[in-house]
1. Please report the orientation-averaged projected area of the stretch 1-157, defined via the convex hull of its C-alpha atoms, in nm².
2. The stretch 1-91: which trypsin sites (Lys or Arg not before Pro) are DSSP loop and have at most 11 other beta-carbon atoms within 10 angstrom?
3. Using amide H atoms built in the peptide plane, which far-off residues or other-chain residues are under 5 Å from residue 128 H to H?
4. Counting only protein heavy atoms and a 1.4 Å probe, tell me what percentage of the chain's accessible area is made up of carbon and sulfur.
5. What are the residues whose amide H is under 5 Å from the amide H of residue 272, where those residues sit 5 or more places off or on another chain and H is modelled from the backbone?
6. Go through the stretch 301-313 residue by residue and turn each phi into a ³J(HN,Hα) via Karplus (6.51, -1.76, 1.60, θ = phi - 60°); whole Hz please, and just put x for glycine and proline.
7. With contacts defined as alpha carbon pairs under 8 Å and 6 or more residues apart, what's the relative contact order of the chain in percent?
8. Roughly what would the spin-label model give for residue 75 and residue 124, points 7 Å off Cα along C-beta, in nm?
Amino acid sequence: MTDPARDIDALRTQFAEELARASGEPALRAVRDRYLARKGGLVSALLRGLGAAPAEERPRLGQLVNALKQEIETTLDARASEAAGARPPTGAVDVTLPGRVPGTGHRHPLTLLRERIEMIFSRMGFLVIEGPELEDDYHNFEALNMPPEHPARDMQDTLYLAAPVRSLAGSAATLLRTHTSGMQIRHMETHPPPVRLIAPGRVYRRDNLDLTHTPMFTQVEGLVVGDHVTLADLKGTLFTFVRELFGEDRQVRFRPSFFPYTEPSAEVDISCGACGGTGIDCSMCKRTGWLEILGSGMVHPAVFEAVGYDPERYTGFAFGMGIERVALLKWGVEDIRLFYENDFRFLEQFPL
Ligand SMILES: [Zn+2]
């Protein structure tokens, strides 16, 4: 018969040798199974073998085997956590890792919104035209029924150039355009009616930077001229636009207003999306149920005279909106400046 105490020592030695050869987690798992498995494990087998030992010896031998089992468990745990913690030395390059894909980005939300607006009007047959940001007084003011000294010029705090420069349109520019209406004039000067266009682009005013104003902003103006163009056409066009951009449930309201280049003129409001137009406890619409979105009106006969259109024959409508303002309304953003701070965390929130 074998000596159980010697068997225990032999197994301890055998384990130490096998452990020394085992490297890597799979090998360590194999050693653990071989020694500690409840069924077929070497330690279990040793315990079972004690049944053959003399009864007075068994408790002591049992303690020895359990101590060995504990020892093997502790040693294996230590080796396993060592293996898991193993890392390549600092500065080493693991060439087997997948590459890092750089972010591809997307266009600015204001650009996306401008394109969306252009698409809506294009589908209604509008031409999209662009023009110079440096403009002359005639196209920015005078041809739009705002002669020098006209008080309405005060409505648009203008940034004037120190000296005239030759603009892209070929004229002597004296200011940064305050609206894109100059493009309406330029188009009518060179094209007979009918006209159906929108003119998107940057405009400049001497406004201080605050929650809702920036010295530079983006505008979209529209102009339709032809035979029998009426206020109903203006209303239908804007109604279609608002519902396309904001959703079918939006209402539109016209409020009388004043612009020198349109008569009659109207501010256009849309029903508030935050409160469904009820105004109840709504900070978005200041409890009115309505949000101001753009200005519009029927083209003033003096504008037609300036471009050589017959005001007795032709009628037309015009409208203008700030894309930033539309963005504030569409997305419920409260601070216009966020659109110009180029913080990715903000800019990435606006899929269209
Ligand atoms: Zn509201």
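The values are calculated or read from the model by the stated rules, or taken from the named source; none is laboratory data. The structure presented is a predicted model; accordingly, all values stated were derived computationally and were not measured. For neighbour counting, all protein chains shown are included, and Cβ atoms are generated from backbone atoms with ideal geometry for every residue, glycine included. Please note that ligands, DNA and RNA were not included when accessible areas were found on the heavy atoms of the full protein model with its side chains. Shrake-Rupley method; radii C 1.70, N 1.55, O 1.52, S 1.80 Å.
1. 24.2
2. For trypsin sites (Lys or Arg not before Pro) across the stretch 1-91 that sit outside H, G, I, E and B with at most 11 neighbouring Cβ atoms in 10 Å, the list reads 38, 39.
3. 198
4. Carbon and sulfur atoms account for 53 percent of the accessible area of the chain.
5. Here the answer is 277, 290, 291, since their amide H atoms fall under 5 Å of that of residue 272.
6. x, 4, 5, 4, 4, 5, 9, x, 8, 7, x, 6, 9
7. Here the relative contact order equals 14 percent.
8. Here the answer is 8.5 nm between the modelled labels.
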